[in-house]
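Data block below; observations after.
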Amino acid sequence: MEEVLADLITQDFVNEERFARSFASGKFRFNKWGRLKIRQGLQTKGLSSYCQTAGLSEIDPAEYLSQVKDLLQKKLNTLSDDDLWIKKNKAARYLIGKGYESEIVWNTLNDLIS
């Protein structure tokens with residue numbers, strides 16, 4: 001079994017870096033996960049920190065911020081609370097739970113509200 005696996009790795013059929021890039025790209029685009037949740041998923045798969053960084057490099061920073069803004073706008077439109085503070089907290093908790101960094105979420109949320 002080890003010989004077969006070694007042979008697959010040398011022929012580049014099994015490539016952890018390629019998997020990490022594909023995993024990160026897919027989870028970001030289709031599942032709308034943030035960097036923190038993607039990194040945690042890659043750690044769960046047992047990938048090295050180099051592969052995790054390579055995977056996360058697939059995410060374009062401008063596209064990342066755009067997705068944060070879009071998700072916040074959609075979430076704010078679905079919330080029916082009259083209190084702005086409660087509405088902001090619910091929207092922020094939603095995105096932080098999806099793995100987005102709290103600083104980015106709160107800065108974007110404050111920009112949207114004001």
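The values are calculated or read from the model by the stated rules, or taken from the named source; none is laboratory data. Every value quoted in this text rests on a predicted model; they were computed, and no experiment measured them. All Cβ positions, even for glycine, are placed from backbone atoms using ideal geometry, and neighbour counts span all protein chains on display.
Read through the list (1) outside the structural domain of residue 96 (by TED's automatic domain parsing); (2) under 30 Å from residue 88 (Cα atoms); (3) charged (D, E, K, R), then give the number of the only condition that residue 69 fails.
Here residue 69 meets the rest and fails (1).
Looking only at segment 41-52, which residues are surrounded by 14 or more Cβ atoms within 10 Å (Cβ to Cβ) and either of a type in the set (S, T, N, Q) or in the same structural domain as residue 103 (by TED's automatic domain parsing) (or both)?
52
What about residue 94, is it farther than 26 Å from residue 14 by Cα and among the aromatic types (Phe, Trp, Tyr)?
Numbers: farther than 26 Å from residue 14 by Cα: yes; among the aromatic types (Phe, Trp, Tyr): yes.
It is true that residue 94 is farther than 26 Å from residue 14 by Cα and among the aromatic types (Phe, Trp, Tyr).
Considering only residues that are in contact (Cβ under 8 Å) with a residue 24 or more places away in the chain and either surrounded by fewer than 11 Cβ atoms within 10 Å (Cβ to Cβ) or not assigned by TED's automatic domain parsing to the domain that holds residue 65 (or both), which ones fall in segment 75-110?
84
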